Every structure is written in C-alpha cells, then in structure tokens.
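Down below is the structure, laid out as structure tokens.
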Amino acid sequence: MEKTLVNVVRNATGQYLMQVRVPAAAFVQALDGTFDDQKDSLRLPSGKKPATRSEAEEALGADFFYPAAAQKCCSQAIDEIVAEEGLDVVGYPEITHCDTDSEGLRFTAVCDAYPYVELGEYKAIDPKLERPQVTEQELDETLEDYALRAAREIDLDRPAQMGDHVRIDMIGTCEGKPISGGSAEDYPLELGSHMFIPGLEEGIAGMCAGEERNIPVTFPEDYTAELRGKDAVFHIKLRKVYKPESPQVDEDFAQTYFETDLKSLREDIRKHLLADKLEQHRIARETAALERAAANMTVRLPESMIRKEVDVLTGELASRLARRGGTLEDYRKGLGIEEEQFWKEAETAAAMRLREEVLLRAVAKAEGFRPDPAFESRAVRQLAQRFETDEKSIRKSLSEPLMQRELLRMRVLEVVLAPENA
C-alpha cells in the first residue's frame, strides 16, 4: 500500500511512536474494498442490495464504511512500517488521532516494543523430581480394571436398590426446555455413586426393568450459573438392573483375554505403565526447569502483549470447541466459573506462556545459537520416537512454526535442564 511515513521514534517508555499518512487514493481503495466485503450482506431501506458504494452511502450514511476502511488502512500501514523499519513490536498497536482530509488518512500509532530481558541463572537446573516406578499395587489395580471391563452383566429380577448397577435412558428438562448434556441412552450407573445431582439416583431406586418415571430434582447452589438452584425433571426409563460379575484374574483370564500367561501380561502392563509415567516425568522436569529459569529472569510483559496472547489462546480453544459443536461460553459454564474469573485465568495462562517464549528467545540469544545439524538429527530422532512415526515425516514438518518452536524449546532445554543421571 502506498503511504507516507512521517516519523518513527522511541518514546520515554521505549514504545515506538509512529505518525503516518496514507494517500487519498489508497484510502479510497480501502473504502471500495470494504464495500466489496460487505455488499452481499447489506440491504437498503428498499430491501435491495446496493450496486455501488455511493448508492450504499447515500442510503446508509456517508461514513458507513469509514471505520472498517480506516482500521484496514492503519493495520496494513503499521505492518508495512514494521517490516520496512525492522521493528521488533508486540501486542496490539494503540491508534489515535485518526482522521482524513483532502490528502488522505493520517493517524498516530503507539506500538509496544519487544520487552527487555535480563536473564538470571538458567543453566543446568535440576528440579530434583523422583524418577517414577510401577508398584505391584498399580499392576494389581490395572488388572482388576481390565477384569471389570470384561465383566458380565447378570440381570436381577427385582426392583433396583441403592448400590445396584442399572442401565437407563434419560431426558432432563428445566423450565420446559431440554438440559444441555442431560440426555443419554443405555447409560450405565451405579446407584449411590453420586454421579448425578442429589435426588436422581435415589429416585431410580425402587424402579423395575422396563418401568418409566419422572423424577423431580433441584440443582445444587454450587452448580453452573445457568442451572444452580433451579428445579428440573428427569424422565427415566430403566432398561435393566444387574450385577457385574468380573472374571478372576488368573492364568485362564490372561490366556482367554490376552492370549498370554499371567507373568508375561504383568510384565507387559508394567512396561506400558512405566512408559506413560516416564513421559509425564519428562514433561514435568522440562516444565519445572523452564519455570525456574523464567522465575530467575527479569522482564516486564507489556499489557498489549498479554492481551493479544489471551486472544490467541482463547481463539485456539474456541476452534477446538467449535469442531465438537461447543462454544467458549458452554466451556466456561461447564467449568462452573464466572466470566470474570475465566478471563483472569486466561490472562494468567497467557502470561505464563509468554514468559516461556521470552525465556527461550533470550537463552537462544545469550548462547548464540546457530544452525546445528548434530542437534537437528538428535531432535528428529527424539520427536520420531515421541510421536511414534518415522524420521522422514518429522523432517518434512521442520519448517512449520509449531515445529520450529518445539525445536527451539528442545535446544534451550539442553542448556537449561541438568542431565537426570548426572
């Protein structure tokens, strides 16, 4: 975009102060582009779509497209200035004194500079976490869990009692409307397990297989804000009352369900449990070491930098939720927290992630990292093992931003994290 850069200076707080003028022709182009973006959704008072920008402005107001066009111009101009001047900026720019005249659009922007970092002690940090082991009790519990999954359901020809296992269909309504997540079919439930709100499991007791019943309940005061303290009704159909009968964990069990002997089965389970524990141990050690190194450094994260990172984090979460048909609001209510607390926790998470990012960059600079084929080969092998894939697939993805970030983290950890067996 054609523009005139009036001035770029650092103010007393280290921020970049920009004074920019965008030529009239470029701003008119932005106005036309904004109209093109919106024209399909616009309607004139007559109900028709506008054919031209002037037609739309005549009906909707002369400045109708001004805010969006001005924002587009400002953002594009700042991006170009940052690239051309080689400025290291973070967060969202603060735009002021935005106005137009016969020469075009002029505005002032203040951009936060990447924060100054003073590293503290960051080398060979040992979090001193105990190396995990698998106990005989854990093996026994895992085998019992396998046996429980293989349990037969022995039907009981009597009314359900507290402590019984049942399978139910249910539909929950509150104020005549279905409750989100309040419906299920063939749901297995142990009466008295307190899996549901108070009164529901007790209301099922006494029912016989095939019976249907409406059970009134009241949501507790510590429930989600949407439902707390409200009355609801669950329509229950009892499919069956049964007793689970698990097979005994012995040689026959090992042979029948796993086609091996019991000793070999226990050893195989031990290996899998230990592998999971070692992976969690690795993650915990790395996280603890980086957190300690970050705690030892001195840095002030600009507010706009944190605000932008909050948007990134919540945007990523919203995308994941949307793929499952959910929203951030549903997620927050499911956690049972107020909106203010949700955003406060998001800020804390954003600040923690930014502190790690700043640490990684600062250590890389302090250590003078350069391309290192030996490190890359080590990292590729480790990542291929971690993701259970081949090294060729890992190498194909090395240029992706997320992989570049992981490679930087791994390289920094070779400096920050003390060898475990040193």
request  = Grab the eigenvalues of the alpha-carbon gyration tensor for the stretch 110-173, scale each by 5, take roots, and send me the semi-axes largest first in whole angstrom.
outcome  = 54, 28, 9
message = If you average the C-alpha positions of the stretch 68-127 and of the stretch 176-210 separately, how far apart do those two centres end up, in angstrom?
response = 55
key: Debye log10 I(q)/I(0) for the stretch 371-422, one point scatterer per Cα, at q = 0.14, 0.15, 0.22 Å⁻¹   = -0.36, -0.41, -0.84
ask   = Which whole number in µm²/s is D for the stretch 4-114 by Stokes-Einstein, with the Kirkwood Rh taken over Cα pairs at 25 °C and 0.890 mPa s?
value = 161
ask   = Taking the radius of gyration and the Kirkwood hydrodynamic radius from Cα positions alone, what is the Rg/Rh ratio for the stretch 214-317, to two decimal places?
value = 1.22
ask   = Hey, could you pull the Cα Rg and Dmax for the stretch 261-341, both in Å?
value = 20.3, 61
query = Among His272, His165, which comes first, second and so on when ranked by fewest other beta-carbon atoms within 10 Å?
reply = His272, His165
query = Using the reciprocal of the averaged 1/r over all distinct C-alpha pairs, how large is the Kirkwood radius of the stretch 258-416 in Å?
reply = 19.0
query = Mind checking the angle between helix 66-85 and the chain's longest principal axis? C-alpha axes, 0 to 90 degrees, to the nearest 10.
reply = 80
remark   = Listed by chain and number, the lysines with an alpha carbon less than 23 angstrom from that of Lys365, same-chain partners under 8 positions apart left out, are Lys123
key: Helix-only [θ]222 nm of the chain, DSSP H runs n ≥ 4, -39500 (n - 2.57) each, per residue, nearest 500   = -15500 deg cm²/dmol
Quarter of Cα convex hull surface for the stretch 152-245, i.e. mean projection, nm² = 5.7
message = Eigenvalues of the Cα gyration tensor times 5, then square-rooted: what semi-axes does that give for the chain, in whole angstrom, largest first?
response = 54, 38, 20
message = List the pairs from Lys240/Lys333; Lys128/Lys277; Lys128/Lys396; Lys177/Lys333; Lys128/Lys271; Lys230/Lys333 whose alpha-carbon separation is above 26 Å, in the order I gave them.
response = Lys240/Lys333; Lys128/Lys396
task = Could you pull out every one of the lysines with an alpha carbon less than 20 Å from that of Lys72, ignoring same-chain neighbours closer than 8 positions?
result = Lys3, Lys39, Lys308
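Every number in this text was worked out from the coordinates using simple rules, so none of it is lab data. Predicted model, so just to flag it, every value in this text is computed and none were measured. So basically every Cβ, Gly included, is an ideal-geometry build from the backbone, and we count neighbours across all protein chains shown.
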